[in-house]
Amino acid sequence: MRGWHALTAALVLVGLLAAGGLALSRSSLFRLRNLEIVGLSHLDRAQVARLGGLGPQTNVLWLDTRAVEQRLESDPWIAGARVTRRLPWTVTITLEERSPVAAIPIGSGFRLVAADGTILDQVATEPRLPQIVMPPPWVPGARGESPVGPARAIGALTPDVAARLEQVVLASDGTLQLDLANGPRIQYGRPAAFGAKAAAIAAILHWAKGQGIALSSVDVSVPEIPAATPAS
């Protein structure tokens, strides 16, 4: 009987300690006090905290970091997020933000597009970005032609070529045409082999500049055998 009482007392003590530990783990000791964010560009701290569902009442010990990452990555401006915690009260967020590489004119505004084709935002004022001309009628999110191919083609261009790009036209047959400031016009073909086509464009333009030759058109539909036509 004495052993039974001892066992009961021990179980009660363990229960009290567990309850006390649980209460401590949910106490203000582990509330978020220090939020560190790395990689901010377009977004600000307040927006990131709101998107991640983080605030003064957030319990760092019980924080589901993967859930926070998923909430952050649901925003189009965020390509990737990594959330870590350091007890008792610090959370660190490392962001990879998208940035616009082009704009799609639609109605009275413009859709900003990232290099992976993600639609980031809509603005009323024409941005200083190359434009993607979609075959009409184009409705964002609807089935049909996608801006992903044109956006990826732009994102693969070398910086000097991208700086001269004025627009990319997506034809109804799915091929692309790139128009550079002061020429030439580039027949890109299907949106594929982005790296090889970007390299071919850069090489031809560099060669023509070195030779003092003005070009009217360049064809990189088959990047292994590109073609160029001198201006008349």
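Working only within the stretch 73-108, note down all residues that are in contact (Cβ under 8 Å) with a residue 40 or more places away in the chain, of a type in the set (A, V, I, L, M, F, W, C) and either assigned to a strand (DSSP E or B) or buried (at least 18 other Cβ atoms within 10 Å of the Cβ) (or both).
Trp77, Trp89, Val91, Ile93, Leu95, Val101, Ala102, Ile104
Quick one: in the stretch 26-49, of everything that is assigned to a loop (DSSP other than H, G, I, E, B) and not hydroxyl-bearing (Ser, Thr, Tyr), which residue is farthest from the chain's Cα centre (by Cα)? Write out each step before concluding.
Taking the stretch 26-49 first, the residues assigned to a loop (DSSP other than H, G, I, E, B) are 26-27, 32-33, 39-44.
Within this subset, residues satisfying the condition of being not hydroxyl-bearing (Ser, Thr, Tyr) are 26, 32-33, 39-40, 42-44.
Details: Arg26: 35, Leu32: 27, Arg33: 28, Gly39: 12, Leu40: 12, His42: 11, Leu43: 12, Asp44: 16 Å.
By that ranking, first place goes to Arg26.
Can you work out which of the residues in the stretch 185-232 that are in contact with a helix residue (DSSP H, G or I) (Cβ under 7 Å, 6 or more places away or on another chain) and in a strand (DSSP E or B) is farthest from Arg152 (Cα to Cα)?
Here the residue is Leu215.
Out of the stretch 169-202, which residues are touching a Phe, Trp or Tyr at 6+ places or on another chain (Cβ under 8 Å) and not polar (S, T, N, Q)?
Selection gives Leu176, Leu178, Lys197.
Considering only the stretch 158-181, state which residues are within 24 Å of the chain's Cα centre (by Cα) and within 14 Å of Asp219 (Cβ to Cβ).
Hits for the stretch 158-181 are Leu176, Leu178.
Here are Leu51, Leu35, Leu63: which of them is over 14 Å from Glu96 (Cα atoms), touching an Asp or Glu at 6+ places or on another chain (Cβ under 7 Å), surrounded by 17 or more Cβ atoms within 10 Å (Cβ to Cβ) and not assigned by TED's automatic domain parsing to the domain that holds Ile119?
Leu51
Check off (1) buried (at least 18 other Cβ atoms within 10 Å of the Cβ); (2) more than 25 Å from the chain's Cα centre (by Cα); (3) not aromatic (Phe, Trp, Tyr) for His206 and give me the number that stays unchecked.
With respect to (1) buried (at least 18 other Cβ atoms within 10 Å of the Cβ); (2) more than 25 Å from the chain's Cα centre (by Cα); (3) not aromatic (Phe, Trp, Tyr), His206 is out only on (1).
Working carefully through the options Ala81, Ala103, Ala46, Ala67, find the one that is at pLDDT 95 or above and touching a Ser or Thr at 6+ places or on another chain (Cβ under 8 Å).
Ala81
The values are calculated or read from the model by the stated rules, or taken from the named source; none is laboratory data. Predicted, not measured: the structure shown is a model, and the values here were computed from it. Glycine also receives a Cβ, built like all others from the backbone with ideal geometry; neighbour counts cover every protein chain displayed.
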